[in-house]
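So the structure is just underneath, and the comments pick up after that.
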Ligand code: AMP
């Protein structure tokens, strides 16, 4: 499968890994939108949250926990941060492999919901 994040997980494309466990890796976003911008990416390929939550809802819970662990390691846990996942065309998802954005280190202003 020609998937960017599968290639990163396989080590075929370099990345900066800040956390990993049995379920996921967490890497620095190549185009950071905040001082901390980390992507939590499941090792298993799911196109997006909808697909993963249907196939393996417990995995989604563990990914959320991984996000909180990343936030602690990045030192943004106390001041607060944001976890975002974009889904599909209207969600402006650009990589079709589920990933959770962990954003922090600055007061995030734009708020859509
Ligand atoms: P999304 O638009 O929600 O699908 O997010 C995809 C994210 O992947 C964007 O924030 C990109 O900057 C990021 N990205 C794309 N290619 C790479 C890469 N090779 N390494 C790290 N992050 C990447």
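Throughout, read-outs are computed from the coordinates displayed, never taken from laboratory work. Keep in mind it's a predicted model, so treat the numbers as computed, not measured. Note that we place each Cβ from the backbone using ideal geometry, even for glycine, and neighbour counts take in every protein chain shown.
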What number of residues within the stretch 89-113 are closer than 17 Å to residue 19 by Cα, within 11 Å of the ligand (Cβ to nearest atom) and touching a helix residue (DSSP H, G or I) at 6+ places or on another chain (Cβ under 8 Å)?
3
Being within 16 Å of the ligand (Cβ to nearest atom), farther than 13 Å from residue 99 by Cβ and in a loop (DSSP other than H, G, I, E, B) is the filter here, so list the residues in the stretch 58-88 that pass it.
88
Take residue 32 and decide whether it is loosely packed, with under 15 Cβ neighbours inside 10 Å, under 25 Å from residue 106 (Cα atoms), more than 12 Å from the chain's Cα centre (by Cα) and within 9 Å of the ligand (Cβ to nearest atom).
yes
Tell me yes or no: at least one residue of the stretch 64-82 is closer than 20 Å to residue 94 by Cα and in contact with a helix residue (DSSP H, G or I) (Cβ under 6 Å, 6 or more places away or on another chain).
no
Here is a check on your reading of the model: is residue 53 assigned to a helix (DSSP H, G or I), touching a helix residue (DSSP H, G or I) at 6+ places or on another chain (Cβ under 6 Å) and more than 19 Å from residue 2 (Cα to Cα)?
yes
How many residues are more than 13 Å from residue 38 (Cα to Cα) and touching a strand residue (DSSP E or B) at 6+ places or on another chain (Cβ under 9 Å) when one looks only at the stretch 65-94?
4
Hits in the stretch 89-113 - residues which are assigned to a loop (DSSP other than H, G, I, E, B) and either within 15 Å of residue 5 (Cα to Cα) or within 10 Å of the chain's Cα centre (by Cα) (or both)
93, 94, 95, 96, 97, 98, 99
Provide a single number: the residues in the stretch 2-17 that are crowded, with 18+ Cβ neighbours inside 10 Å and under 19 Å from residue 62 (Cα atoms).
2
Could you tell me whether any residue of the stretch 18-29 is within 12 Å of the ligand (Cβ to nearest atom), touching a helix residue (DSSP H, G or I) at 6+ places or on another chain (Cβ under 7 Å) and over 12 Å from residue 99 (Cα atoms)?
yes
Just one of the numbered conditions (1) surrounded by fewer than 19 Cβ atoms within 10 Å (Cβ to Cβ); (2) away from the ligand (no atom under 14 Å from the Cβ); (3) more than 12 Å from the chain's Cα centre (by Cα); (4) farther than 16 Å from residue 4 by Cβ is not true of residue 44; which one?
(4)
